[in-house]
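Below: one structure, written as structure tokens.
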């Protein structure tokens, strides 16, 4: 859905001290297993506190000879927790990340992996605009964010895939599918946990927003399958516990038609489209659904699937663009040119902050990156679009994770148009898995009401799958409703009922 996506530093020296001795790569057998691991080939770095603020330390592991991690202390953002930045190096490709320890108890709290969507948008938006320990104000100053998700968890923010944010490639290499990106994320998580063993066995939650609805199920599936290979090789698997998706695009089929409900019915706010346009859209929906089902779901025919989605976008999505409303929050008009601000001028302020040479030096941004910071990369979005990455049945990955005991949280702000609550509810109800019947039988019920206050939203939960809404929030729930979003994630991590 192309319309729906809208889419001078000092060089830091590197200290490679993390791996000792000769490193032998694992050989792939016919069964895709690894040869047995020799403990003598690897020495973990051990302690984050020993990392330097002035140079990167390189971490590697013989199980993943093509991957390494550069990491350093980076004292910025907020002094209430230790912060680190670095790169995941995959030969000539380099993925930037931030890591913040928990404000509460970093030695026992869970670990969250976070990525923004796009495809091609930087997780710096998630950090500085939504759920990170600091925010950038309209005048460009950095202030502490009390409702940060690291209040009770350790959290990564990752600029992935290659070409997003401060991530880069030496020779123009690109990644154009979620499945390819997944392998790098799974390898990174393993290397980090192996080197900093205090996190071993800690509950690990993979979370994302928007196109994260496509990323996260596939990333988590790769971690799960990688775990099996790690166990076979005598290594410690990651304790993958849950996935969390906020206003995600997980099932394009149900999402395509749900934009009608959002603009032509009071599903969220009063109808914003004229009657004539809504009548025409309603008549188009059956044809759109039939074409999508035949060309994208029953049999994946790339030419016809592309044609079907172009038709549905044109008929159901494009008219919204003429309204002037914010596709990420239909309760308000778009502020600025959407191509420049994503309807949120603060994104440009964040970009200006990240363009400051002293900030880039502090973060350890590679000096080869001289262009202005971009919130979202059109090149990455185009690469994924050319591979029709969005039009894959990602809900099948969600179902497979549920069948293997991985909990799934789908949370949605009710004012979002682009990845709205209607489409997300529909696909969670339609998804085929062993808990489908029991989940569908549950009625939506209020959650989060305290001392006579209005509820935060509605919830439905069964057999490890939870669907929740956050009333009055848009596409970026932690931005619009930071207190409610923190309540949501803390309930989820502590496994409390909604």
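The values are calculated or read from the model by the stated rules, or taken from the named source; none is laboratory data. Predicted, not measured: the structure shown is a model, and the values here were computed from it. Here Cβ is always computed from backbone atoms with ideal geometry, including for glycine, and neighbour counts include all displayed protein chains.
Quick notes on this one:
- Of the residues making up the range 424-472, those that are more than 19 Å from residue 248 (Cβ to Cβ), assigned to a helix (DSSP H, G or I) and in contact with a strand residue (DSSP E or B) (Cβ under 8 Å, 6 or more places away or on another chain) are 438, 441.
- Some residue of the range 328-335 being under 22 Å from residue 160 (Cα atoms) and buried (at least 16 other Cβ atoms within 10 Å of the Cβ): yes
- Options 289, 283: the member that is out of contact with any helix residue (DSSP H, G or I) (no Cβ under 9 Å at 6 or more places or on another chain) and farther than 25 Å from residue 131 by Cα: 283
- Against the criterion of being assigned to a loop (DSSP other than H, G, I, E, B) and either crowded, with 20+ Cβ neighbours inside 10 Å or at pLDDT 85 or above (or both), residue 52 qualifies.
- Of note, residue 398 satisfies the criterion of being in a helix (DSSP H, G or I) and more than 29 Å from residue 71 (Cβ to Cβ).
- Within the range 332-374, being in contact with a strand residue (DSSP E or B) (Cβ under 8 Å, 6 or more places away or on another chain), outside any helix (DSSP H, G or I) and under 16 Å from residue 138 (Cα atoms) holds for 335, 342, 343.
- The range 173-281 holds helices (runs of 4 or more DSSP H) entirely within its bounds, and those carrying 2 or more residues that are more than 30 Å from residue 474 (Cα to Cα) map to 178-195, 212-232.
- Qualifying residue in the range 314-321 (condition: at pLDDT below 95 and outside any helix (DSSP H, G or I)): no
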